[in-house]
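One structure below.
The values are calculated or read from the model by the stated rules, or taken from the named source; none is laboratory data. Since this is a predicted model, take the numbers as computed values, not measurements. Cβ atoms come from the backbone with ideal geometry, glycine included; neighbour counts cover every protein chain shown. Ligands, DNA and RNA are excluded from the accessible area calculation, which covers all protein heavy atoms including side chains. Shrake-Rupley method; radii C 1.70, N 1.55, O 1.52, S 1.80 Å.
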Amino acid sequence: MNDIPLTWFLIFAAACFVIGLMGVLVRRNAIAVLMAIEIMLNAANINLVAFWRYGTPVEGDSPISGVMFAIFVITVAAAEVAVGIGLILLCYRRWHAADVDRFDSLSG
Amino acid sequence: MNVACDWAFPLVWAQQSELDSIPWLKWIIVLAVVFFGIFPGIVAYTVWGERKVAARFQDRIGPNRVGPLGLLQPIADAIKLITKEDLVPRSADRWVHLIAPVLILVSAFLVLPVIPFGVGLAAVNPPSGLIYLIAVSSLSALGIFLAGWSSRNKYSLLGAMRAVAQLVSYEVPQVLSIVPIILWAGSLSMVTIFDKQVLYGWFLFSPPGMLAFVTLTIANIAEVNRTPFDLPEAESEIIAGYHTEYSGMRFGLFFLAEYLSVFAVSCLGTAIFLGGGTLPWPLTGEPVVTLGGGETLFAMLLLNLPLIGIFMAKVSLYIFLMFWIRATLPRLRVDQLMAFAWKFMVPLCIINIFISAVWYECVIRPSKPNYLLGWGVTLPLVVVSIIGVLALYRSSMKAEPVELTTGSRRRSVVRSVS
Amino acid sequence: MNQILFGVIATMGVLSALGTVLARNLVHAGLFLVAFFFLIACQFVMLEAEFLAAVQVLVYIGAVAIILMFGIMLTRNIQGDDTTTVSRAGFIAGGLAAVGLLTVLIFGITHEEGRSGRPAWNSVTTRPAIYPASARKSESQAAAINNMGLAVGEDLLTRYIVAFEAAGILLTAALVGAIALAIQEGPVSDDPSDRVKSKQNAESLAADEAESLLTSSRA
């Protein structure tokens, strides 16, 4: 049985990250941008876990360091989405649009 | 028992399949028979049982035309559903409309493999089985949302919104009332939880365990959208909620999913609180697992048959409890529903986690369990916390003027301004 | 076998990510996002982190996707409109930037040389074994992989206790902040049922939207 090379996971994560980046650049709807950010965070998680699984564990370090990293990323992502949706709702109520291009009252 | 690598996930499967390829075949057959034969059959007769029970509660007879005692009624119903035309509304989002019931059904099915029906009878035993179970059961909220959204019908949408709000809210007390079990068993594996109950007796038999069982049951009833929490499909308010626009076998899938999840949450309650297939008093001096490990197929069968029988009897009782509640209680109002979850269930469950830690210190951690001390300390704590939370809940409900929904209040404000 | 499985999951993952980014209808994008989350969970299983996979499904599909769907419902017409992407020029620019970054990343990944006695990423083709006891060095890792829930719990309350507490504070702050942001104007009480009310508001808003949808579809 052939194991999966590490680089495959890295390239998959890179591809997902790039797609997420494209989404952030291309999308105008704020919620779509939020979704794209979630894709990028997930891609980063894949990298963390892949390096953890393929690397040799360091003596005295946590045996599941990569997983712990990923868990904290997931925690922060969940909080981020909750606050993000709250902000978007507020902006929508004020400007009646969820397009990021419309939130420009700070630009001179 | 080979616990270390016992969880059947693809990599391990692949490794084993290099040794011999027969297990794959066996698995496929087992899955096909169990998942597409037995469980739908259980669902069919749960429906029949519900109709009979509800009829008795209402002083009727119930189905009695098709077969003796109406026993063939589910088959007739299934044929009726299959032969009906499968309508998709013209303005509906066709693909999402088709996917949604499948998603709900899959979520209900995926719960079942981790349930230990007997010794060695959990289809898979992942070390995080309980988390897995909670995770896949939360998928159904998404399916319900998509069903309501894709139908392009305001009743569907309203029902879906209600359902999702309710499912998300009641998932919190559901998970919080499972936490004491994780604490006591020291594991997330359903099989380990079963083994621990063989050692320590049912987890129900402790004051925090009883409280957690009651809160879990209430949350379970809300999770499967049954009366008194059936607002998402309240016929008198919003037709049939999220499955208003479904017909034929696609409606049948919703039906199947609903009763399958009733069965699944009953299995969950039985497996983690009622000791699975064990009797309250120990049959033998030693854990059942050691009896079953490494025996012949015949011995396994002999051991498992009574276990499955007892397990199913408990599940039937649990389901009957749900029927009973459904036949007895009226439906809640939306604000009551939400306030009950957030103001009563959640605080009580959080307090209960601390009380169960006390029970752990008194009974489970010491090498010689001190049941007297455990009951003496935790019983007053449980009673005081129930009374306290109930008093707070009632006072908060009294302080707030009763209003139907915030939406109606908002409209009335607008009207008064204009 | 594993490689084929990986290939299937990775292809579907990339496709669903693309679907998320490119789908015009936001709910469809959300559906693709759910598929993507699920495939990432599958990848975690391929990496033998099944606890993380379960957490991924629980948090992302069970919570984040639902919040996003609620957000979609509350902020736009139910019918998808086509203003969700930027103009064609912006699209091309974004695509070019993405392709450029991807090229750089792939080049970097395949040409990494490994620092200070570690193997290059390219040469790592097998993971440390956990099934036989032969891999002595990664024994604690093997134990952690076989009962990850336990290992995560122990680590959270010993080694990562500060981060754990910080995450708790962050979540509390996020909860309060989200409620404070999303609550509607008007008579506001300061009891914990506000979150409930915002949900009910969601429901009534959805009703309004549904009505407007019906009228528009009739027209």
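When you restrict to C-alpha pairs under 8 Å that are six or more residues apart and normalise by the size of chain A, the relative contact order lands at 26 percent.
Carbon and sulfur together cover what percent of the accessible area of the stretch B:70-222 at a 1.4 Å probe radius? With neighbouring chains kept in place, the figure for the stretch B:70-222 is 71 percent. In percent, how large is the relative contact order of the stretch C:1-83, given Cα pairs closer than 8 Å and 6 or more residues apart? After rounding, I find 30 percent. Accessible surface computed residue by residue for the stretch A:6-103, with neighbouring protein chains in place and a 1.4 Å probe, gives 33 Å² per residue. Any residues in the stretch C:91-111 that have 10 Å² or more less accessible area with all protein chains than in their chain alone, probe 1.4 Å, and which are they? Residues meeting the cut-off: C:Phe91, C:Gly94, C:Gly95, C:Ala97, C:Ala98, C:Leu101, C:Leu102, C:Leu105, C:Ile106, C:Ile109, C:Thr110. Spin-label pair B:Leu305-C:Ala120: with each label point 7 Å from Cα along the Cα-Cβ axis, the two points sit 6.5 nm from one another.
Computed from the alpha carbon atoms alone, the convex hull of chain A holds 134 Å³ per residue. Counting only alpha carbon atoms, the long axis of helix A:6-26 and the longest principal axis of chain A meet at about 0°.
Buried surface for the B/C pair, taken as the accessible area of each chain alone minus that of the pair with a 1.4 Å probe, is close to 4800 Å² in total. Using only protein heavy atoms and a 1.4 angstrom probe, determine the accessible area buried between C and A, summed over both sides, in Å² to the nearest 100. Answer for the C-A pair: about 7700 Å² buried.
Only helical runs count toward this figure. For chain A, summing -39,500 (n - 2.57) over DSSP H runs of n ≥ 4 and dividing by all residues gives -25500 deg cm²/dmol at 222 nm. Taking the Cβ of B:Ile61 as the center, what net charge do the other residues with Cβ under 11 Å away carry, scoring Lys and Arg +1 and Asp and Glu -1? In short, +4. Of the residues A:Phe9, A:Val33, A:Cys91, the one whose Cα sits farthest toward the positive end of the charge dipole of the stretch A:6-103, with +1 on the Cβ of Lys and Arg and -1 on the Cβ of Asp and Glu, is A:Cys91.
When peptides C:168-174, B:130-136, B:208-214 are ranked by their average number of other Cβ atoms within 10 Å per residue, the highest-first order is B:130-136, B:208-214, C:168-174.
Sorting A:Trp52, B:Trp375 by accessible area puts them as B:Trp375, A:Trp52; the probe is 1.4 Å, largest comes first, and only protein heavy atoms count. Net charge of the neighbourhood of A:Tyr54, taken over other residues with C-beta under 10 Å away and scored Lys/Arg +1, Asp/Glu -1, is +1. The packing ranking, built from the mean of other Cβ atoms within 10 Å per residue, places the peptides C:113-123, C:5-15, B:342-352, C:29-39 in the order C:29-39, B:342-352, C:5-15, C:113-123, highest first. Per-residue mean of foreign Cβ neighbours for B:85-97 is 1 (Cβ atoms of other chains, 10 Å radius). With a 10 Å cut-off around each Cβ of C:157-167, the average count of Cβ atoms from other chains is 3. Taking every residue in B:334-344 and counting other chain Cβ atoms within 10 Å of its Cβ, the average works out to 3. The alpha carbon centroids of the stretch C:35-75 and the stretch B:59-103 are separated by 32 Å. Protection proxy ranking, highest mean first, for peptides B:36-46, B:140-150: B:140-150, B:36-46, where packing is the per-residue count of other beta-carbon atoms within 10 Å, averaged.
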